[in-house]
Structures are given as structure tokens and as C-alpha cells.
Amino acid sequence: MKKSIGLMGMIGGGLCLSLEIYTLSIIQALDKISGGSWYTNSWYYAKSDPCIAALLLTVCIIIASVVIFAVGKDE
């Protein structure tokens, strides 16, 4: 049971991480549309505080899921 919870956490965390990475390009496009200044590289948006918090939280969930998967016993 614990291995399946760890596996679901890894899959969900990976999906969330990929969604956050694709959202950086969307944020860049919205900045371009607004007419103000924007970064030329979308990874610069990942340095803002909310993005850093979201990325770190997702990475922590993935790491915890890997640990649960590795240590957990399948019943």
C-alpha cells in the first residue's frame, strides 16, 4: 500500500512540476502582451518568490514520495 502511495506522489509531483515549468512561458507571454518590460528568458520568472516557493514545494513532495516508495513495504 505504501509503495503505491509513493508512486502516486511521484507521478502527481512530476505532473505538477511540468505544469509549473510550462506556466513560466505563459507568464512571459502575458508580460509581453501587457506592453511593459519582460525577461527574454522565461527561467528568470522562476526566481520570483512565489515561483521559488511552488517549485521547492513540488520538489519536496517528489523527494518525499521517492523515500516512501523506497522504504515502504508492499502488503
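The values are calculated or read from the model by the stated rules, or taken from the named source; none is laboratory data. The model shown is predicted, which means the values in this text are computed figures rather than measured ones. Positions of Cβ are backbone-derived with ideal geometry, glycine not excepted, and every protein chain shown enters the neighbour counts. SASA here: full protein model, heavy atoms, side chains in, ligands and nucleic acids out. Shrake-Rupley method; radii C 1.70, N 1.55, O 1.52, S 1.80 Å.
Do you know which residues across region 36-75 are in contact (Cβ under 8 Å) with a residue 40 or more places away in the chain and among the polar types (S, T, N, Q)?
Matches in region 36-75: Thr58, Ser65.
Against the condition of a type outside the set (A, V, I, L, M, F, W, C) and touching an Asp or Glu at 6+ places or on another chain (Cβ under 6 Å), how does Lys3 come out, does it pass?
Values: of a type outside the set (A, V, I, L, M, F, W, C): yes; touching an Asp or Glu at 6+ places or on another chain (Cβ under 6 Å): yes.
Yes.
Would you point out which residue out of Tyr39, Tyr44, Tyr22 is at negative phi and outside any helix (DSSP H, G or I)?
The match here is Tyr39.
Has region 30-37 got any residue that is small (Gly, Ala, Ser), under 26 Å from Gly9 (Cβ atoms) and open to solvent by less than 60 Å² (accessible area, probe 1.4 Å)?
no
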